[in-house]
Amino acid sequence: MGKTIKISKGLDIKLKGTANEELVNAEFSKTYAIKPTDFEGLTPKILIKPGAEVKSGTILFFDKYNPKIQFSSPVSGKITSIDRGELRKVLQITIEADNETKYEEFKKFDLKSLKREEVIEQLLNSGTWPFIRQRPYAIIANPETTPKSIFISGFDNAPLAPNYDFIIKNDLKNFQNGITVLSKLTDGKIYLNINNQTESTYSSITGVEKNIFIGKHPSSTIGTQINHISPINKGEFVWYVNPQDVIIVGKLFSEGKFDASKIIAITGSQIEKPKYLKTVIGAELKSLLNSNNVKSNSRYISGNVLTGTKINKTSHIGFYHSQITIIPEGNYYEFIGWAMPRLNKYSASKTFFSWLTPNKEYILDTNTNGGQRAFVMSEEYNKVVPINILPVELLKACIAEDIDKMEQLGIYEVAEEDLALCEFICTSKIDVQEIIRKGINLMIKELG
Amino acid sequence: MKALRNILDKIKPDFEKGGKFEKFHSTFDAFETFLFVSNHVTKKGAHIKDVIDLKRTMSVVVLAVMPALLFGMWNVGYQHNLSIGNLENTLFSNFFYGLLKVLPIIIVSYVVGLGIEFIFAQARGHEVNEGYLVSGMLIPLIVPIDTPLWMIALAVAFAVIIGKEVFGGTGMNIWNPALIARAFLFFAYPSDMSGDKIWVEGLSNLDKIADGFSGATPLAVMAAEGGNTVTNFSQGIGNWSVMDFLIGNYPGSIGETSFIAIMIGAVILLATRIASWKIMFSVFAGGFGMGLLFNLLAPETNIYMQMPAYYHLIIGGFAFGAVFMATDPVSAAQTSNGKYIYGFLIGVIAVLIRVINPAYPEGMMLSILLMNTFTPLIDFYVVQGNIKKRLKRAKVTA
């Protein structure tokens, strides 16, 4: 048994619209989409043409700079379009789904005698390798490297995040299978990090070291967990997988098919009945929303409010996301708002009064609440960063493109999600996540 | 408010690119965002944002300065009436007298300072920063009441341009802009900035001073002849008791005298977490510690060194500097441990200058500016500490 780790820094933003623990099947989604933009830094090379028939598990495209990494269709059907943006950048590949999903046949294995090479080969061939990501950099793992350990964050405490206790208990068998498969990939341990709520859910899972994290967000982010258990030094790699994706990997090896089913929490103050829906990766947002009233003037987010991607009503769910959040847009003027008491708004600072009502759930909108400024308030970020780094100094090194300093200050240990709260609380409204991502991409470009 | 919004929406296109008042875009934007929080929504990264912004932050600081300002206004009137021997005045008449004298200084400070900020913002194509809202209020509080308005205008211009804008504006400056203004006055017009007559309104031009009134500040009394006029510190200094120092009814810069009023501001700043308690605490600790050290080392003949250590904290500009100047988040140390070092040294050096250097009765301004200069160095070593920890970890595992 592992450790119990207390995280004292952080912030839980309490929003209205937590999903009720009620699981229903999503309506039939006519189309599905895979968006290369969901994968950081990817340049896709497309293998199929519109009109082609594909099965679930058929390869659609691969990574131009690492051709072994391939991406497959989550359903069977016909390719209807390949949308391109500026400079012919591929934005999304849309598949019109069959009524009955047909699967590509992959090898079934006796999991006990599985070898590392077999695991890697099957994951690459089935296009499920992208479920495995690496730190540093928070990108798809490089199959040529060997990680010192694999991390699975078994819970999520981002705003309105789904309860993995409720999701994972539906298929513990394949979760265990997935763990067994992943354990072949590393000589080190698999860390399954849990909180008090999910402790009993995962009690039957073996072959992992379980650590209990107690504390506020971002204690559920991979960067925080790695930093507290086994910090990354230069030249080391840690791989990580989402809990639901572990199940998909488990099924791939025990049943021989790529079953991209997933449970998605649909949350937020703009929706009438927040709940859980059983669907498939890449499904249309529409298929999740029918029979549920959404207020007008809404922001649709695939993911959570801190790190998610803005989508529109006709878009599809992102590849890694287990959550849809719908909140009001903040496109309105507020008369001398900065001087007002604003009792219905939330601030992590003590300059408003929301600290008097710590358990109130708020309806927050997308207004920026002020213009962008230079860094002014020092040490503001430290209270929400439970990693031993100096956030402002690291950000300044990223802005200055000073690679040595970035490395020295711990760029390997962070990604956007670990610092997303800084962006929320920032008085100067600085785009923290964008700066960190640019810094990381610079590291990748310069150091490979 | 809808009517106001409609007017703004109507004239807004004139200030956009291509409009006839394009040159005043930043100015319009500043006033518009002052009146209405804009309707901008998040585009990338976090979709929701905390409601705090720099306007809120700065207005809290301005609010925290208010007790010192209001008391300062009363004290201007009170000291003036004392100097002419007019003892029959009310709380209100003293305050009103001071209000009329102080208000022009505040207006000059804001008009000149914000004017320059607007020009720079427009030239850079930036939004106007809120930083000057605080500096513009602090400058009037740290000058002697008889400072001519043209001098204030000049000092403000110097502080905003040389102290701030050349570095890139709010957030980029090395020194505290308000103290730059004060230092400019101090070194450019020394004869108008020192002596015993400048601290009380109208004293320099007064034909007949009331009996027993000098106009000297307590620190000047101490500095003159090494404080030899003081016989028993438990009775205070000169005509003033310890209670007078706490209340603040003695001559000095406009807002610096009342320890109690400043402490009300300190409570506001600390309760809202706008100012760093680490800095505030360590400035007081440094000043007190240095005072104690002097007490220990004091030879019999040196009266000033024998002054009780806590006197340093409640007399003159020490408290004002500790609460409002040293805690400026931009020019202070940025790192947690750096803040303790920075604050402590400010306290130490301020008392050192007061006691040892006979030319400067007050040491707070110079001490803060000096430590502002050294913050990059302090932060450098603290950051190196973090880097070394990481390197050490890498070596242990390798």
Roughly how many nanometres apart are two label points built 7 Å out from the Cα toward the Cβ at B:Ile11 and B:Ile264? 3.6
Computed label-point distance, nm, for sites B:Ala285 and B:Phe167 using a 7 Å Cα→Cβ extension: 2.5
Between B:Glu22 and B:Ala123, with labels modelled 7 Å along Cα→Cβ, what's the label distance in nm to one decimal, could you check? 1.9
Where Lys and Arg each count +1 and Asp and Glu each count -1, what net charge lies around B:Ala333 among other residues with Cβ under 14 Å from its Cβ? -2
Given a Förster distance of 41 Å, report the FRET efficiency between B:Tyr360 and A:Tyr332 from their Cβ-Cβ distance, rounded to the nearest 0.05. 0.15
Hey, can you rank B:135-147, A:229-241 by average C-beta count inside 10 Å, highest first? B:135-147, A:229-241
Given an 8 Å cut-off on Cα distances and at least 6 residues of separation, report the relative contact order of chain B as a percent. 15
Between helix B:25-35 and chain B: long-axis angle, C-alpha atoms, 0 to 90°, nearest 10: 70
Angle between chain A longest axis and helix A:172-183 axis [Cα atoms, degrees, rounded to 10]: 80
How high is the relative contact order of the range A:381-447, in percent, with contacts defined as C-alpha pairs under 8 Å that are six or more residues apart? 34
Between B:Leu4 and B:Leu99, Cβ-based FRET efficiency (R0 22 Å, step 0.05) works out to 0.15
Count, for each residue of A:348-357, the Cβ atoms from other chains sitting within 10 Å of its Cβ, then give me the mean as a whole number. 4
5 Å is the cut-off here: which amide hydrogens, built 1.01 Å from N in the peptide plane, fall below it relative to A:Lys275, excluding neighbours closer than 5 in sequence? A:Asn20, A:Ile266
Excluding residues fewer than 8 positions from B:Lys208 in its own chain, the lysines with Cα under 25 Å of it are B:Lys101, B:Lys197
Provide the net charge surrounding B:Glu127, with neighbours chosen by a C-beta distance below 9 Å and charges set as Lys +1, Arg +1, Asp -1, Glu -1. 0
Only residues of the range A:319-358 count here: report those whose backbone N is under 18 Å from the spot 7 Å along Cα→Cβ of A:Leu91, or say none. A:319
What average number of partner chain Cβ atoms lie no more than 10 Å from the Cβ of the residues making up B:30-37? 5
What's the exposure ranking of A:Glu117, A:Glu96, B:Glu117, going from fewest to most Cβ atoms within 10 Å? A:Glu117, A:Glu96, B:Glu117
Helix B:149-161 against the longest principal axis of chain B: what's the angle in degrees, Cα atoms only, rounded to the nearest 10? 50
What residues qualify as long-range amide H neighbours of A:Tyr191, i.e. H under 5 Å apart, gap of 5 or more or another chain, H built at 1.01 Å from N? A:Ile150, A:Phe151, A:Ile152, A:Glu209
For Cα pairs less than 8 Å apart in space and 6+ apart in sequence, what is the mean separation divided by the residue count of chain A, i.e. the relative contact order in percent? 19
Find how much the distance from A:Glu272 to A:Lys445 grows on full extension, using 0.36 nm per residue of separation minus their present alpha carbon separation; answer in nm with one decimal. 57.7 nm
Within a Cβ distance under 14 Å of A:Glu118, other residues only, what is the Lys/Arg minus Asp/Glu net charge? +3
B:Asn39/B:Ile209 FRET efficiency (R0 45 Å; Cβ-Cβ; nearest 0.05): 0.15
Per-residue average of other protein chain Cβ atoms inside 10 Å, peptide A:324-331 -> 3
Only residues of the range A:1-29 count here: report those whose backbone N is under 12 Å from the spot 7 Å along Cα→Cβ of A:Lys286, or say none. A:28-29
Of A:Lys35/A:Lys273; A:Lys35/A:Lys55; B:Lys23/B:Lys55; A:Lys216/B:Lys339; A:Lys148/A:Lys251; A:Lys14/A:Lys210, which sit over 20 Å apart, Cα to Cα? A:Lys35/A:Lys273; B:Lys23/B:Lys55; A:Lys216/B:Lys339; A:Lys148/A:Lys251; A:Lys14/A:Lys210
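Just so you know, all these numbers are worked out from the coordinates, no wet-lab data involved. Given the structure is predicted, the values throughout are model-derived calculations rather than measurements. Note: ideal-geometry Cβ built from the backbone for every residue, glycine included; neighbour counts use all protein chains shown.
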